[in-house]
Amino acid sequence: MPNWVPACAIDDVDEEDVIPFEHLGVDYAIYRSPDDQYFATAGHCTHEKTLLCDGLVMGAIVECPKHNGRFDYRDGSPQGAPVIVGLQIYPTMIDSGTVYIDIDID
Amino acid sequence: MGRERLALYSLVGPASDEAVERGLAGAVWFKSEVPRKRMKELMRREDGPAIRDTAIWLGGMILLGAAGAWLWISVSPWLAAPVLLLYGLLYASAGDSRWHEAGHGTAFKTRWMDTAVYEIASFMMMREPTVWRWNHTRHHTDTIIVGRDPEIAAMRPARLARILLNFFGLVDVPTSFKLMFLHAVGRLTPDEAEVVPDQEQHRVYRKARIWLAIYAATVVVAVLTGSIVPFLLVGGPRIYATFMHLVYGLTQHAGMGENVLDHRLNTRTIKMCWFNRFLYWNMNYHVEHHMFPMVPFHRLPELHEQIKGDLAPVYPSIWAAYKELVPAVLKQLKDQSYHVRRELPPGAPPYNEPALIA
């Protein structure tokens, strides 16, 4: 059963960027791709506990601000050292200008 | 004494456990406030500046190396010497900063270019690329946290003989070859095994075998030609022209605070002339680099302007830094609690020290 949680307004995230979202003490990262799609992942890098929302988004890649660890935020896959473990990803949907993420996957 | 000192700084010793217990490992460090939009501008990647500098770096090496070899063989070793010294500076001193910046993956926008420069520079500096990538990652997480940072150059007390010998690679080079042989037979040291994940270790073994093959080929060419020129071009610069990477590198943290969570306390930013900044690839902006490691080398001067109100005054020259760090390191031979204390400008956010965090 999906558990859709409103995360942010669609305009809260710039194109090709990421913002943080915290829910019940858990950090998430919400992305807007260059082609205007929204994605959600766990908030921290899997290499060390660094918030990805301070990182750099380049196309479909988010880069951790601490050690250059890169992930494809669409599927969470690691894109080279120093990350070797993928990111948890969460389904998203848009309704009435709001981005929802399904956190039931937790 | 030497072994006790090394044990204190070991990544697998009691100091490591103590750092974890004190909350110094993987801790939150002080960062200046920079608006997100501005930070994105500063982090944005470009290929142009690094392609230009790499063309000068590698192109210069090809020209100087060829000219040096020709002069050595056909004219006079004395005339070749200054040319080869410049070649060597690009190889074994500029190689250090290229290793560093490309290792961060920030020099270029195109990833394979970073990887290529990283691999070339790692070979020149005789630093196993996988091990050093992970070492350096830890250095950024736990900068000068005793027992957690594998890159502390000047311990308390400093291993002075080792530092001085390394101005000519006399410790680093034999150690590198010893490690190359160890890796080539499929083994790591305990400290290396601590920082390199299991699934990455096979890369270490493969590259050690490739590197040894290159050095073996160099020996064969030298024997066949009856000349030392192959050694002057491959490997040799790590001895005769590596001194500048030590000159730069020691300014980064030597004599400053250990076990503090604020790069303004344990790192120096120094003004340098254009030539040194080219060789060092702007790593003289070292506080800025540690605070925001994902800002490319060519944007560090802008980052400095952005956050300088939070920082202690920059050192006006390499000489000014050495006037401070040499006496500090010498004092630490007797008083291991001594360290350089920087004063922040009025109005700057306070130091982020463990006592303040608790």
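The values are calculated or read from the model by the stated rules, or taken from the named source; none is laboratory data. From a predicted model like this one, the values you see are computed outputs, not experimental measurements. In this analysis, Cβ positions are derived from the backbone assuming ideal geometry, glycine residues included, and neighbour counts consider all displayed protein chains. Surface areas here come from the heavy atoms of the whole protein model, side chains and all, with no ligands, DNA or RNA. Shrake-Rupley method; radii C 1.70, N 1.55, O 1.52, S 1.80 Å.
Specify the residue that is modelled with the highest pLDDT; the eligible residues are those in the stretch A:41-82 that are open to solvent by less than 50 Å² (accessible area, probe 1.4 Å) and of a type in the set (Lys, Arg).
A:Arg70
Mind checking which helices (runs of 4 or more DSSP H) fall wholly inside the stretch B:34-101 and carry at least 3 residues that are within 14 Å of chain A (Cβ to nearest Cβ) and out of contact with any strand residue (DSSP E or B) (no Cβ under 6 Å at 6 or more places or on another chain)?
On the way: elements: B:36-43, B:48-70, B:77-88.
Qualifying helices (runs of 4 or more DSSP H): B:36-43.
I'd like the full set of residues that are in contact with a strand residue (DSSP E or B) (Cβ under 6 Å, 6 or more places away or on another chain) and either at the interface with chain B (Cβ under 10 Å from one of its Cβ atoms) or over 21 Å from B:His289 (Cα atoms) (or both), limited to the stretch A:52-71.
Here is the first cut: in the stretch A:52-71, the ones in contact with a strand residue (DSSP E or B) (Cβ under 6 Å, 6 or more places away or on another chain) are A:52-53, A:55-57, A:60-63, A:70-71.
Of everything in the stretch A:52-71, those that are in contact with a strand residue (DSSP E or B) (Cβ under 6 Å, 6 or more places away or on another chain) and either at the interface with chain B (Cβ under 10 Å from one of its Cβ atoms) or over 21 Å from B:His289 (Cα atoms) (or both) turn out to be A:Cys53, A:Gly55, A:Leu56, A:Val57, A:Ala60, A:Ile61, A:Glu63, A:Arg70, A:Phe71.
Listed residues B:Leu84, B:Leu89, B:Leu71, B:Leu64; which is at pLDDT 95 or above, buried (at least 16 other Cβ atoms within 10 Å of the Cβ), under 22 Å from the mean Cα position of the chain (by Cα) and not small (Gly, Ala, Ser)?
B:Leu89
Kindly establish whether B:Leu179 is open to solvent by 70 Å² or more (accessible area, probe 1.4 Å) and either part of a helix (DSSP H, G or I) or not small (Gly, Ala, Ser) (or both). Explain how you work it out, then say what you get.
On the way: open to solvent by 70 Å² or more (accessible area, probe 1.4 Å): no; either part of a helix (DSSP H, G or I) or not small (Gly, Ala, Ser) (or both): yes.
When the stated conditions are applied, B:Leu179 does not pass them.
Output the residues belonging to the stretch B:283-296 that are in contact (Cβ under 8 Å) with a residue 40 or more places away in the chain and open to solvent by 10 Å² or more (accessible area, probe 1.4 Å).
Within the stretch B:283-296, the subset in contact (Cβ under 8 Å) with a residue 40 or more places away in the chain is B:283, B:290-296.
Listed by number, the list holds a single entry, B:Phe292.
I'm told B:Ala153 meets every condition in (1) open to solvent by 40 Å² or more (accessible area, probe 1.4 Å); (2) at pLDDT 90 or above; (3) within 14 Å of the chain's Cα centre (by Cα); (4) hydrophobic (A, V, I, L, M, F, W, C) except one. Can you identify the failing condition by its number?
The number of the failed condition is (2).
Go over the candidates B:Asp149, B:Asp114 one by one and state the one that is within 11 Å of chain A (Cβ to nearest Cβ), acidic (Asp, Glu) and more than 20 Å from B:Ile214 (Cα to Cα). Don't jump to the end; show me each part of the working.
On the way: B:Asp149 fails: within 11 Å of chain A (Cβ to nearest Cβ).
Only one candidate passes the filter, namely B:Asp114.
Based on what the data block shows, is B:Ala241 closer than 22 Å to B:Arg162 by Cα, in contact (Cβ under 8 Å) with a residue 40 or more places away in the chain and of a type in the set (Gly, Ala, Ser)? Give the steps one after another, and end with the answer.
Values: closer than 22 Å to B:Arg162 by Cα: yes; in contact (Cβ under 8 Å) with a residue 40 or more places away in the chain: yes; of a type in the set (Gly, Ala, Ser): yes.
Taking the combined requirement at face value, the residue satisfies it.
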